[in-house]
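A.B. asks: Next up is a structure, given as structure tokens.
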Amino acid sequence: MSPPPVRVAATLQLETLHYTTKMTMTNEDINLKVKEIKLSFRQMMDGATALSMRQKGLDYKLNWGATLPRLREMADGLAADIAATDAQPDEALRRIAVELWKQDVRECKILATMLMPHTQMLPEVCDIWMEQTPTVEIAEQAAFNLYQHLPFAATKAYEWLASADELPQLCGYHVLSRLFMQGQEPNERGINEFIDQALAALQSSNALLRKAAMQSVVHFASLGLLYQRMAHSAIRTIGLDFV
């Protein structure tokens, strides 16, 4: 005999609740997800791309040669899945990103920069990631995918410009380029710091650093006529003329 209609409705409601209730990922869940992600890189393996990177000096402990569009597609899919199933999706994504960053694998580090929610990245963690950045590619991807979107992006960028190491400097110029492209104007102190550091970088023996600084100066000049005049006047003092 069938149960009364009211009981049927109640049963359906309980089943629906069972399937739609979102859970919070445990540490074990996070570790399993990271292992699953690492295994999936095998399907993206591109030996020719990995070889080309090694020939260009981008040497990683492990590099599957996955293309950036495929990694972006993967990141978007992961974010959507976690948003649909986890009660605290931003916290879950933060924890996954942190664990991925710890892996000495090219694809893990790039994916970490794509997954880390901008609101969850702390300044001190940002400093740690910068210190642990192994290559120019990772620095560029971090600047593009994550650092430019942080509320303290400009502060970190100026700190990195003053670094004694070239990789943080390069990352700083990439971040500032993006901020200038968004129309963000520096204050007087920022202008002075930027021009002083850029002039030094433009005379560096590191071609990639020179290129990053030049692009940043071009975007700085695009902020308006006053900025263009300042940039033009500054670079002429070192015999350059590209704005």
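A.B. asks: Filter region 197-224 down to residues that are polar (S, T, N, Q), in contact with a Ser or Thr (Cβ under 9 Å, 6 or more places away or on another chain) and open to solvent by less than 50 Å² (accessible area, probe 1.4 Å), then give me how many there are.
C.D. replies: First, pick out the residues of region 197-224 that are polar (S, T, N, Q): 197, 203-206, 215-216, 222.
Filter once more, keeping what is in contact with a Ser or Thr (Cβ under 9 Å, 6 or more places away or on another chain): 215-216.
Then keep just the ones that are open to solvent by less than 50 Å² (accessible area, probe 1.4 Å); that gives 216.
Final tally of qualifying residues: 1.
A.B. asks: Part of a helix (DSSP H, G or I), closer than 30 Å to Leu208 by Cβ and modelled with pLDDT of 95 or more, is that true of Glu107?
C.D. replies: yes
A.B. asks: Could you tell me which of the residues Glu131, Glu159, Glu140 is free of Cβ contacts under 8 Å to residues at least 12 places away in the same chain and either surrounded by fewer than 19 Cβ atoms within 10 Å (Cβ to Cβ) or touching a helix residue (DSSP H, G or I) at 6+ places or on another chain (Cβ under 7 Å) (or both)?
C.D. replies: One residue alone meets the criteria, Glu131.
A.B. asks: List every residue pair whose Cβ atoms sit under 7 Å apart, with the two residues 6 or more apart in sequence or on different chains, where the first one lies in region 188-215 and is closer than 16 Å to Glu159 by Cβ and the second, anywhere, is buried (at least 19 other Cβ atoms within 10 Å of the Cβ) and β-branched (Val, Ile, Thr).
C.D. replies: The qualifying pairs are Ala198/Val217.
A.B. asks: Shifting gears a bit: Could you list, in sequence order, the residues of region 174-196 that are open to solvent by less than 30 Å² (accessible area, probe 1.4 Å) and touching a His at 6+ places or on another chain (Cβ under 8 Å)?
C.D. replies: Scanning region 174-196 gives Leu176, Ser177, Phe180.
A.B. asks: Look at Tyr227 and say whether it is open to solvent by 20 Å² or more (accessible area, probe 1.4 Å), among the aromatic types (Phe, Trp, Tyr) and more than 23 Å from the chain's Cα centre (by Cα).
C.D. replies: On the way: open to solvent by 20 Å² or more (accessible area, probe 1.4 Å): yes; among the aromatic types (Phe, Trp, Tyr): yes; more than 23 Å from the chain's Cα centre (by Cα): yes.
Yes, satisfied.
A.B. asks: Can you list the helices (runs of 4 or more DSSP H) lying wholly within region 1-101 that have 3 or more residues being open to solvent by less than 90 Å² (accessible area, probe 1.4 Å), at pLDDT 95 or above and not charged (D, E, K, R)?
C.D. replies: 27-40, 68-85
A.B. asks: Of the conditions (1) under 16 Å from Pro186 (Cα atoms); (2) crowded, with 18+ Cβ neighbours inside 10 Å, Cys171 fails just one. Which one is it?
C.D. replies: Looking at each condition in turn, Cys171 falls short on (1).
A.B. asks: Here is a follow-up. May I ask you to list the residues in region 113-134 that are in a loop (DSSP other than H, G, I, E, B) and within 13 Å of the chain's Cα centre (by Cα)?
C.D. replies: Residues satisfying the conditions are Met116, Pro117, Met121, Thr133.
The values are calculated or read from the model by the stated rules, or taken from the named source; none is laboratory data. Fair warning: this is a prediction, and the values are worked out from it, not measured in the lab. Every residue, glycine as well, gets a Cβ built from its backbone with ideal geometry; the counts of neighbours run over all protein chains shown. Protein only, heavy atoms only, side chains kept; ligands, DNA and RNA dropped before computing areas. Shrake-Rupley method; radii C 1.70, N 1.55, O 1.52, S 1.80 Å.
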